[in-house]
Amino acid sequence: MSFVQNSVATLIRQPQNGKVQIANADGQNQKTVYAAGANGSKVTALIATSTDTSARDVQISITNGGTSYPLGTVSVPTGAGATSAVVSVNLLNAAAIPGIAIDSDGNPYIHLVSGDTLTVSALSTVTSGKLITVTAATVGDF
């Protein structure tokens, strides 16, 4: 298959966002934060908050064709983002995902191709009645 080089810059056509909550009933199952657009997508912000009374490890993965490809795991502290004392967690950080792409402004990002879904999972079950919320606050579809 030959590839024709694009001579014009490819820009975001449609701003989007994605949201998911991980609850006790979800166990360690993967939850979809965002499904890529038909021409692919760029995720530039992935933020986690928690009402849980225990810190939880959250794994970020790209799933395609039924296969999951883990990118990294980030610890989400007790009550992250629920009070000003414990800030929300940036899940797209180079310490947690070595080799993540960095744009010209110094911000990490993930490209998703058509058919990809960005998924997250708690590696241990969230406390009953508590939630971990993951928001892909800035996503763009090409």
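Just so it is clear, none of the values below were taken in a lab; they were calculated from the coordinates. Keep in mind the model is a prediction, meaning the values are calculated, not measured. Ideal geometry is used to build each Cβ from the backbone, glycine not excepted, and the neighbour counts take in all protein chains shown.
Computed values, structure above
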item	result
Checking Asn107 against (1) surrounded by fewer than 19 Cβ atoms within 10 Å (Cβ to Cβ); (2) within 19 Å of Ala23 (Cβ to Cβ), the condition it does not meet	(2)
Residue within the stretch 95-104 that is touching a Pro at 6+ places or on another chain (Cβ under 6 Å) and surrounded by 13 or more Cβ atoms within 10 Å (Cβ to Cβ) present	yes
Number of the exception - Ser121 against (1) buried (at least 16 other Cβ atoms within 10 Å of the Cβ); (2) not in a strand (DSSP E or B)	(2)
Candidate set from the stretch 72-91 (those that are part of a loop (DSSP other than H, G, I, E, B) and either in contact with a Cys (Cβ under 9 Å, 6 or more places away or on another chain) or among the hydrophobic types (A, V, I, L, M, F, W, C) (or both)); member that is surrounded by the fewest Cβ atoms within 10 Å (Cβ to Cβ)	Ala85
Val20 within 22 Å of Gly140 (Cα to Cα), part of a strand (DSSP E or B), touching a Gly at 6+ places or on another chain (Cβ under 6 Å) and of a type in the set (Val, Ile, Thr)	no
Ser54 being on the phi < 0 side of the Ramachandran plot, touching a residue at least 40 places away in the same chain (Cβ under 8 Å) and more than 15 Å from the chain's Cα centre (by Cα)	yes
Hey, Ser114 farther than 18 Å from Val139 by Cβ and either surrounded by fewer than 17 Cβ atoms within 10 Å (Cβ to Cβ) or in contact with an Asp or Glu (Cβ under 8 Å, 6 or more places away or on another chain) (or both) or not	no
Qualifying residue in the stretch 76-85 (condition: among the polar types (S, T, N, Q) and within 14 Å of the chain's Cα centre (by Cα))	no
Contacts under 8 angstrom Cβ, first residue in the stretch 107-126 being on the phi > 0 side of the Ramachandran plot, partner part of a loop (DSSP other than H, G, I, E, B) and buried (at least 18 other Cβ atoms within 10 Å of the Cβ), 6 or more apart	Gly115/Ala36
Hits in the stretch 48-60 (condition: polar (S, T, N, Q) and either surrounded by fewer than 19 Cβ atoms within 10 Å (Cβ to Cβ) or closer than 16 Å to Asn93 by Cβ (or both))	Thr49, Thr51, Thr53, Ser54, Gln59
Yes/no for Tyr69 being aromatic (Phe, Trp, Tyr), in contact with a Lys or Arg (Cβ under 7 Å, 6 or more places away or on another chain) and outside any loop (DSSP other than H, G, I, E, B)	no
